[in-house]
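**Student:** Quick one: the structure is below, and I'll ask about it shortly.
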Amino acid sequence: MIDLRSDTVTRPGPAMRRAMAEAEVGDDVLDGDPTVRELEAATAEALGTERALFFPTGTMANQAAVMVLTRPGTEIFVHDDSHIVNYEMAGAAQFAGVQPRMMRGAPRVTAALVTAAIREPSPDSPRASLLCLENTFNGAGGMVTPPDELAAIAAVGRAAKLKVHLDGARLWNAAAALGVPLSSFTASADLTMVAYSKGLGAPVGAALAGSAAHIEEAWEARKRLGGGMRQSGIIAAGALYGLRNHLGRLTDDHTNAKRLATIVADVPGVSVVAPDSNIVMIDLPAGVTSAQVAAGARERGVRVSMWLPQRVRCVTHLDASAADVESAATIIRDVMRALVRGIAS
Ligand SMILES: *Cc1c(COP(=O)(O)O)cnc(C)c1O
């Protein structure tokens, strides 16, 4: 089975498992776990921030960031197709006591979308506290926002007194796609979340990165959410292994995604969003559904995700070689061709 549903499906290989089994550990809540500290230092260095803090999941890290950068009763600016809106179970409302002000009208956040969302401060309406950005942007097919544009977007928010949180679950991919340092993105944000369990292939884990003061507050927020972990060096070792060994190969995933996009586009009526990174969105013609494509592909040993009723998502990753992606793409193309032929006849 070639599984292209997500880059979260990767499994730790023998070397990563060995690193985890042999990790030096301690009680991270009591007085520190050495492997967690090593991961946090390596992450802060890679991202060009003062400090970083290890989290069990990107979702918890995003929620902690919203808690740190807002006050209850305020509103946060978020794209309506972002992870915080789509997948975090109203956590921002529950844990931080804030409400979302949705930005919509473009596939990802632009300076114009932020400008359109800003309103004059008034005693009648909630104060705006935070601008949330996501890079790469999953909902738009792993779309990359370049550092200079990200800075311009953040500047619009800052002019309206907003703090900035960057959901960079796939920031590694954005940096690899453009060949720029990770620090060129984090410079625009107060806090940045990065995930180890996507492109880097670790089984679990994420981090928040930012100033020492913000990270101290994030420690409290993480503890409040139940994310204070003990011998967490076991899982941090997997993340550290991914950071040290898999960062440099992300461009392979991007090359494979482009190849997949080219192959599957060769079906009448199908349109493919040209991938910036490792995610390919395939839009189907009227009469063909993503459920049909997913079922047909699965029968032939390929798994894809049903993003929308007529949009299929494929994600390339560490456990899908160039040859795997080539053969998966051919199968997806053939399944779609047969379905399109079916509606024509
Ligand atoms: C996966 C993801 C998250 C959450 O990470 P988990 O570790 O799965 O909780 C947050 N934001 C984006 C954009 C993601 O893709």
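**Student:** Considering only residues that are surrounded by fewer than 24 Cβ atoms within 10 Å (Cβ to Cβ) and not hydrophobic (A, V, I, L, M, F, W, C), look in the stretch 198-213 and name the one that is nearest to the ligand (Cβ to nearest atom). Give the steps one after another, and end with the answer.
**Tutor:** Here is the first cut: in the stretch 198-213, the residues surrounded by fewer than 24 Cβ atoms within 10 Å (Cβ to Cβ) are 203-204, 211-213.
Keeping just the survivors that are not hydrophobic (A, V, I, L, M, F, W, C) gives 203, 211.
Details: Pro203: 11, Ser211: 21 Å.
This residue is Pro203.
**Student:** Another question about this same structure. Among the residues in the stretch 264-286, are any open to solvent by 10 Å² or more (accessible area, probe 1.4 Å), under 29 Å from Ala175 (Cα atoms) and of a type in the set (Val, Ile, Thr)?
**Tutor:** yes
**Student:** Can you run down the residue pairs with Cβ atoms below 7 Å, 6 or more apart or on separate chains, where the first is in the stretch 269-287 and on the phi > 0 side of the Ramachandran plot and the partner is of a type in the set (Asp, Glu) and open to solvent by 20 Å² or more (accessible area, probe 1.4 Å)?
**Tutor:** none
**Student:** Residue check: is Leu130 within 16 Å of the ligand (Cβ to nearest atom) and part of a strand (DSSP E or B)? Steps first, answer last, please.
**Tutor:** On the way: within 16 Å of the ligand (Cβ to nearest atom): yes; part of a strand (DSSP E or B): yes.
For Leu130, the condition - within 16 Å of the ligand (Cβ to nearest atom) and part of a strand (DSSP E or B) - is met.
**Student:** Consider only pairs whose beta carbons are under 8 Å apart and that are at least six residues apart or on different chains; among these, list those whose first residue lies in the stretch 34-50 and is assigned by TED's automatic domain parsing to the domain that holds Ala213 and of a type in the set (D, E, K, R) and whose second residue is assigned to a helix (DSSP H, G or I) and at pLDDT 95 or above.
**Tutor:** Between residues of the stretch 34-50 that are assigned by TED's automatic domain parsing to the domain that holds Ala213 and of a type in the set (D, E, K, R) and residues that are assigned to a helix (DSSP H, G or I) and at pLDDT 95 or above, the close pairs are Glu38/Ala236; Glu38/Leu240; Glu50/Ala44; Glu50/Ala212; Glu50/Ile215.
**Student:** May I pose another question? Can you find a residue in the stretch 291-309 that is of a type in the set (S, T, N, Q), crowded, with 23+ Cβ neighbours inside 10 Å and more than 14 Å from Arg333 (Cα to Cα)?
**Tutor:** First pass over the stretch 291-309, keeping only residues of a type in the set (S, T, N, Q): 292, 305.
Now drop any that are not crowded, with 23+ Cβ neighbours inside 10 Å, which leaves none.
No, every residue in the stretch 291-309 fails to be of a type in the set (S, T, N, Q), crowded, with 23+ Cβ neighbours inside 10 Å and more than 14 Å from Arg333 (Cα to Cα).
**Student:** Might you let me know whether the stretch 4-12 holds any residue that is in contact with a Ser or Thr (Cβ under 9 Å, 6 or more places away or on another chain), open to solvent by 50 Å² or more (accessible area, probe 1.4 Å) and within 16 Å of the ligand (Cβ to nearest atom)? First the steps, then the outcome.
**Tutor:** Quick first cut of the stretch 4-12, residues in contact with a Ser or Thr (Cβ under 9 Å, 6 or more places away or on another chain) only: 4-8, 10.
From what's left, open to solvent by 50 Å² or more (accessible area, probe 1.4 Å): 5, 8.
Filter once more, keeping what is within 16 Å of the ligand (Cβ to nearest atom): 5, 8.
Taking every residue of the stretch 4-12 in turn, at least one turns out to be in contact with a Ser or Thr (Cβ under 9 Å, 6 or more places away or on another chain), open to solvent by 50 Å² or more (accessible area, probe 1.4 Å) and within 16 Å of the ligand (Cβ to nearest atom).
**Student:** Would you list the helices (runs of 4 or more DSSP H) that sit entirely within the stretch 21-94 and hold 3 or more residues that are surrounded by fewer than 21 Cβ atoms within 10 Å (Cβ to Cβ) and more than 11 Å from the ligand (Cβ to nearest atom)?
**Tutor:** On the way: elements: 34-47, 58-69, 83-86.
The qualifying helices (runs of 4 or more DSSP H) are 34-47.
**Student:** Moving on to the next point. Any idea which of (1) touching a residue at least 40 places away in the same chain (Cβ under 8 Å); (2) at positive phi; (3) among the hydrophobic types (A, V, I, L, M, F, W, C) is the one Val29 doesn't satisfy?
**Tutor:** The one condition Val29 does not meet is (2).
The values are calculated or read from the model by the stated rules, or taken from the named source; none is laboratory data. Model, not experiment: these values are computed from the prediction. No Cβ is skipped: glycine too gets one built from the backbone with ideal geometry, and neighbour counts run over all protein chains shown. To get the accessible areas, we keep the full protein, side chains included, count just its heavy atoms, and leave off ligands, DNA and RNA. Shrake-Rupley method; radii C 1.70, N 1.55, O 1.52, S 1.80 Å.
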